[in-house]
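Heads up: the structure comes next, in structure tokens.
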Amino acid sequence: MLRKLKTTEDDDLTSEEREFLREARKKYKENTDWFEFEDYAFGMRSPLFSRNRSHIDVLGHPLYIALKEMWLDLGERQGRIASAPLQKETHATRRKTTKSRPSDHGRNATKKRDMASAGSSPHKRLSKS
């Protein structure tokens, strides 16, 4: 599930971030409680938040990516979160449900709903005459 604990992205980190990641890996290997790991990895002491970084910068930072992978893997192992479905399965499921009805089905249903008078019940039968 987890790629590998030591990546080449470590070269992109500062010495403070490398030390933090080293400690996080130790906690990961020890199977630290998921909530404790989350507090450690993403808490205010995390070097992710020690600089002025935008939210986008944090999400793309190699330290954040490594911490997130460990955090999610711990959550799955400890039964705190469900494992994510595979992308192929999700795409296939979406595609299958889309094909099961005509593409204009939603538009026609909306038109019919908008044309109904405000006082009439949607379940009321209209006379044929």
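Relative contact order of segment 15-77, taken over Cα pairs closer than 8 Å and 6 or more residues apart, is 45 percent. Shape of segment 15-77 from its Cα gyration tensor (a ≥ b ≥ c, root eigenvalues): rounded if a/c is under 1.5, otherwise prolate when a/b > b/c, or oblate? Prolate is the answer for segment 15-77, as a/c is 1.5 or above and a/b outweighs b/c. Model label points for Ile65 and Met44, set 7 angstrom from Cα along the Cα-to-Cβ axis, are 3.0 nm apart.
Descending by average beta-carbon neighbour count within 10 Å, the peptides 12-20, 54-62 line up as 12-20, 54-62, the highest first. Taking the number of Cβ atoms within 10 Å of each Cβ as an exposure proxy, the fewest-first ranking of Lys26, Lys68 is Lys26, Lys68. Is any residue of segment 14-40 close enough, with backbone N under 16 Å, to a label point placed 7 angstrom from the Cα of Arg80 along the Cα-Cβ axis, and if so, which? So the set is 24-40.
Estimated at 0.36 nm per residue, the fully extended path between Phe35 and Glu23 surpasses their Cα-Cα distance by 2.7 nm.
Since every read-out is calculated from the coordinates, none of them should be taken as a lab result. Note that the structure is a prediction, hence the values are computed from the model and not measured. Glycine also receives a Cβ, built like all others from the backbone with ideal geometry; neighbour counts cover every protein chain displayed.
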